[in-house]
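The values are calculated or read from the model by the stated rules, or taken from the named source; none is laboratory data. In this text the structure is predicted, and so the values were computed from the model without any measurement. All Cβ positions, even for glycine, are placed from backbone atoms using ideal geometry, and neighbour counts span all protein chains on display. Note: areas computed on protein heavy atoms with side chains; ligands, DNA, RNA excluded. Shrake-Rupley method; radii C 1.70, N 1.55, O 1.52, S 1.80 Å.
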Amino acid sequence: MWAELLPVGRSAATGGYRRHAWNSADAECRAWFEQQARSRGLAYGTDRNGNQWAWHGDPAAGNAVVTGSHLDSVPDGGAYDGPLGVVCAFAAFDRLVGNGRELTRPLGIANFADEEGARFGVACVGSRLATGLLDREAAYALRDADGVRLPDAMERAGHDPALIGADPELLGRIGAFVELHVEQGRYLAEDQPVGVAGAIWPHGRWRFDFHGEANHAGTTRLADRRDPMLTYATTVLAARKKARLAGALATFGKVAVEPNGTNAIASLVRGWLDSRAPDERTLHQVVGAIEQAAVERGARDGVRVELTRESYTPVVDFDAPLRDRLAARLDAPVLPTGAGHDAGILASAVPTAMLFVRNPSGVSHSPAEHAERADCHAGVAALADVLEDLACRPS
C-alpha cells in the first residue's frame, strides 16, 4: 500500500508532495482509497462533504468504531503526515481479520477531505463541515490562489457541492474515533515507538493585510515611501519575539505581494500567521501583541494594517476515558501536541483519541519527514490492538 501511494503527487524537483484538495493528485489518492476498500469487500461511499468511508458492518447500527486520517498534503509536504494513518488503518483491519477476530461493532475507515487547507486556506474542511464548525455559506466563499471557489473545485472533481453541510446523522453513528498519525516533534523516547495524544493546543490562522503605496523603486526617495514590505518584515520579527516570550509559537509561512515587481515598491503585502499556544488566553495575547506591533510600525511607515482571522480551533482535550483506556492498553505515554487534526475537530461531536508513531527527526510538513518501518509496524500493531479492544468480541 505504501509503495502504491508514494509516487502520487510527488514533485520531481523538490521530493515533496502537492496533494492539494480536489486536484488531480488528490483524485488519484481518493481512487486508491476506494480501491483499497473494495478489494477488502468493505462498503465504500462518500458523505455529503466529500469525505471517503469504508465500512465493515452496517454503520446505521450505530456505536461504530472509526479510524483513519487524510491523504492531502501541505505544499511540498512529507509522505507520512496523513497517509500513514490511512495506510495503517487498512493494515490494522487486515491484522484483525487475519487473526480471526470477530467484530461486534461496525468498523469504519475514513479519509477526510482537505485536512491541510493548503488550497483554500482553512484546515480540516471536511471534518469542519461535518461537525458544523464550518457552515455552507462560509465554505462557498472560500477561493484558492487562482480564484477558483471551493464548490466549483468539488464539482469539477465529481462531488455535488449542493450537499455540503453539517452531518449529525453520520456523526451520531460513531461511538469512537481513533486517528493514528506520525509524531510532529520529538517527544517519544527511544524505547517508545507509539504514544497517545493528551490534548491539542489552541491554534489559528490570521491574515495580515499591509496597505501601502506602489511606486518606482529607483526614483522614489526613502523618505517619500509608504512601503508595506517594511511593516511586514518588522511584524515577522515581532511575531518571533512575542511567541518566544510567551512560550507559544507564531509563524509567517505564506506571503503574497502586489504588484510583485523587482523594481516596484509594493502596494499591498499579505502575510498569513499561524499561531499556537498551550492555552487560549496566551494565544489571544500573543496574536494581539503581534497586531499591536504591526499597527505601531505601520503608523511609522504610512502603512495601514488590517487583520482577519481565517480559522480558529480552541484547545481540544481528547475524551479522557478513551485516552486513558488506550494509554493503559498500550502502556504508552500521553503526549501534548501543537498540531491540528481531524480528530481534534471531531472531538466536539464524538469520543476521540489519537496515537502517534515516533518520528526520529521530529521534522514534519517537509520532504524530510520520516518514520522507521519498524515503528510504522508498531503503529499498525498498536492500532489493531486498540480496535480489537473497542470493536471485537473478547478472545
**Prompt:** Quick one: in region 309-346, which of the residues that are under 17 Å from the mean Cα position of the chain (by Cα) and among the aliphatic types (A, V, I, L, M) is most open to solvent (accessible area, probe 1.4 Å)?
**Reply:** VAL315
**Prompt:** Out of curiosity, is ALA248 of a type in the set (A, V, I, L, M), at negative phi and out of contact with any strand residue (DSSP E or B) (no Cβ under 8 Å at 6 or more places or on another chain)?
**Reply:** no
**Item:** Pair list, Cβ under 8 Å, 6 or more apart: region 172-187 residue under 25 Å from HIS370 (Cα atoms), other residue charged (D, E, K, R)
**Value:** GLU179/ASP342; HIS181/ASP81; VAL182/ASP81; VAL182/GLU369; GLU183/ARG358; GLN184/ASP81
**Those strands (runs of 3 or more DSSP E) lying entirely in region 201-279 with at least 3 residues surrounded by fewer than 18 Cβ atoms within 10 Å (Cβ to Cβ) and among the β-branched types (Val, Ile, Thr)** = 249-258
**Fill in**
Flagged in region 81-139 as among the polar types (S, T, N, Q), within 21 Å of the chain's Cα centre (by Cα) and assigned to a loop (DSSP other than H, G, I, E, B), in numbering order, are none
**Asked** Taking interchain pairs and intrachain pairs at least six residues apart, which have beta carbon atoms under 7 angstrom, with the first residue in region 147-164 and loosely packed, with under 15 Cβ neighbours inside 10 Å and the second assigned to a helix (DSSP H, G or I)?
**Response** GLU155/PRO161
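Residues checked against (1) surrounded by fewer than 22 Cβ atoms within 10 Å (Cβ to Cβ); (2) closer than 21 Å to ASP72 by Cα:
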residue	(1), (2)
VAL350	yes, no
MET354	no, yes
VAL357	no, yes
GLY362	yes, yes
PRO367	yes, yes
ALA381	yes, no
VAL386	no, no
ASP389	yes, no
**Request:** Answer yes if at least one residue in region 289-309 is closer than 30 Å to GLY379 by Cα and either touching a helix residue (DSSP H, G or I) at 6+ places or on another chain (Cβ under 8 Å) or in contact (Cβ under 8 Å) with a residue 12 or more places away in the chain (or both), and no otherwise.
**Result:** no
**Item:** Test result for HIS377, touching a residue at least 12 places away in the same chain (Cβ under 8 Å), open to solvent by 10 Å² or more (accessible area, probe 1.4 Å) and within 24 Å of the chain's Cα centre (by Cα)
**Value:** no
**Prompt:** Of the numbered conditions (1) in a loop (DSSP other than H, G, I, E, B); (2) within 26 Å of ALA378 (Cβ to Cβ), ARG48 satisfies every one except a single condition; which is it?
**Reply:** (2)
**Asked** Could you list, in sequence order, the residues of region 19-45 that are in contact (Cβ under 8 Å) with a residue 60 or more places away in the chain, closer than 19 Å to ALA91 by Cβ and part of a loop (DSSP other than H, G, I, E, B)?
**Response** LEU42
**Message:** If I ask for residues that are touching a residue at least 60 places away in the same chain (Cβ under 8 Å) and open to solvent by 20 Å² or more (accessible area, probe 1.4 Å), which ones from region 190-200 would you list?
**Reply:** GLN192, PRO193, ALA199
**Asked** Would region 275-289 turn up any residue that is more than 20 Å from GLY338 (Cβ to Cβ) and over 21 Å from the mean Cα position of the chain (by Cα)?
**Response** no
**Asked** Has region 355-365 got at least one residue that is at pLDDT 90 or above, under 18 Å from the mean Cα position of the chain (by Cα), over 27 Å from ARG173 (Cα atoms) and of a type outside the set (Lys, Arg)?
**Response** yes
**Complete:** Counted residues in region 36-75 being surrounded by fewer than 20 Cβ atoms within 10 Å (Cβ to Cβ) and closer than 29 Å to GLN184 by Cα come to 2
**Asked** Do we find a residue being at pLDDT 95 or above and open to solvent by 80 Å² or more (accessible area, probe 1.4 Å) anywhere in region 286-297?
**Response** yes
